[in-house]
Amino acid sequence: MFYSPLKELMTLSFRSELYSHVILIPFVSGAFIYLKRRTLFSDVKYSYPSGVMIILIGIIIYSIGLNQRISLTQNDYLSLTIFSAVTFWIGGFVFFYGPGSFRVATFPLLFLFFLTPIPSMAVEKIIHLLQIGSAEAAYGFFKLSGVPVLREGFTFNLPGMSIEVAKQCSGIRSSIALFITSIIAGQLFLQTGWKKAVLALSIFPITIFKNGLRIVTLSLLGTYVDPRILSSELHKSGGIPFFFVALMLLAPVLWWLRKTEKKGAGGNEKKGIME
């Protein structure tokens, strides 16, 4: 039933840089299931009502996607059908293995929803927010550098050159990659739900900081070193080094959250001993 949309999704993942991460999602989920394999099937039993209900929800969403296909873009059609596919799979898992196994496998199963393309309307809003934040960050870096700059919205007029913070500068691709990375890191290294959420939400300011730094760096290189840099491969593919900068900024946030958890656990142990 889901062969056609899954085939389209794989084609899209190789054609669109926005969804290049999709191919890795099942392998990550599979790895987490493998790590929990001993406890995963320790309490196996059929769960007919819950499983059938979730399966029916998946089929309903899939039917809506099919009926609205003509009026939807490929992205939004796949968003509905792939979401329905993951829902259907989860329903099948609950049906055959029961709620006990589902609780053990909750993270890897829900992680499969990252296969779902983001709806077009949401993508546009996220890009716009990142574009605004990146422009503000870049303006702040320009001011700190002491370079004379005149700002007009998303355009920065530098000596002999004008730079526009376009949608391509929003960094949404790296934001998605960083967000998924933070989700995995939180699952591996953190125990508290709200701290996992803090780690994931920290991606937004980190991305804005990284984008602003990248915009200013390339702008200054283009203005004072060689204007051809702005049309070179460094501009097009130069996001990889700055992605590692973002990872370096994420690391201390994870370290601090992990450290506070250890302190809390140590305090609880001492309290238990005193009692």
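Among 91, 140, 171, the largest mean-square fluctuation in a Gaussian network model of the chain (Cα springs under 10 Å) belongs to 140. Measuring from a point 7 Å past the Cα of residue 71 along Cα-to-C-beta, which residues in region 92-133 have an amide N at less than 17 Å? Once the point is set 7 Å along Cα→Cβ of residue 71, 120-121 turn out to lie under 17 Å by backbone N, inside region 92-133. Among 220, 250, 24, the largest mean-square fluctuation in a Gaussian network model of the chain, built with springs joining Cα atoms closer than 10 Å, belongs to 24.
Distant-in-sequence amide contacts of residue 164, defined by a placed amide H-H separation under 5 Å and a gap of 5 or more residues or a different chain, comprise 156. Here the 3J(HN,Hα) profile of region 26-43, calculated from phi with Karplus coefficients 6.51, -1.76 and 1.60 at θ = phi - 60°, is x, 5, 5, 4, x, 5, 5, 5, 5, 5, 9, 4, 6, 8, 4, 10, 7, 9 Hz, Gly and Pro shown as x. Note on the chain: GNM, Cα springs under 10 Å; of 82, 59, 240, the largest mean-square fluctuation is that of 240. Run the paramagnetic zone check for residue 167: 7 angstrom along Cα to Cβ, then residues of region 121-160 with backbone nitrogen under 14 Å. Of the residues in region 121-160, 121-132 have backbone N under 14 Å from the label point off residue 167. Rounded to the nearest whole Hz, the Karplus-based 3J(HN,Hα) values (6.51 cos²θ - 1.76 cosθ + 1.60, θ = phi - 60°) of region 122-128 follow the sequence 5, 4, 4, 5, 5, 4, 5, with x at glycine and proline.
Axis angle, to the nearest 10 degrees, between helix 3-15 and the longest C-alpha principal axis of the chain: 20 degrees.
Are any of the pairs 167/196; 45/262; 45/125; 7/195; 125/259 more than 32 Å apart by Cα-Cα distance, and if so, which? Please list the in-between numbers first.
On the way: 167/196 29 Å; 45/262 36 Å; 45/125 43 Å; 7/195 36 Å; 125/259 35 Å.
Pairs exceeding 32 Å: 45/262; 45/125; 7/195; 125/259.
The modelled label-to-label distance between residue 197 and residue 125, using points 7 Å beyond Cα along the C-beta direction, is 1.8 nm. Over the residues of the chain, the helix contribution to mean residue ellipticity at 222 nm works out to -24500 deg cm²/dmol, using -39500 (n - 2.57) for each DSSP H run of at least 4. For residue 150 and residue 189, FRET efficiency with R0 = 41 Å and r from the beta-carbon atoms, rounded to 0.05? After rounding to 0.05, the efficiency reads 0.35.
With 10 angstrom as the radius, rank 256, 194 by how many other C-beta atoms surround their C-beta, starting from the fewest. Could the numbers behind the result be given before it?
Details: 256 13, 194 9.
Listing 256, 194 from fewest to most nearby Cβ atoms yields 194, 256.
For the chain, the longest principal axis of the alpha carbon atoms and the long axis of helix 172-189 meet at an angle near 50°. Relative to the longest principal Cα axis of the chain, at what angle does helix 48-67 sit, 0 to 90 degrees, rounded to 10? That helix lies at roughly 40 degrees to the long axis.
Phi angles across region 155-168 convert, under the Karplus curve 6.51 cos²θ - 1.76 cosθ + 1.60 with θ = phi - 60°, into 3J(HN,Hα) values of 10, 10, 8, 9, x, x, 7, 10, 10, 10, 7, 7, 4, 5 Hz, Gly and Pro given as x. Among the listed options (i) 22.8, 72; (ii) 20.7, 70; (iii) 17.8, 51, the one matching Rg and Dmax of the Cα atoms in Å as calculated from these coordinates is (i).
We did not get these values from a lab; they are worked out from the coordinates using the rules stated. This structure is a prediction, so every number in the text was calculated from the model and none was measured. In this analysis, Cβ positions are derived from the backbone assuming ideal geometry, glycine residues included, and neighbour counts consider all displayed protein chains.
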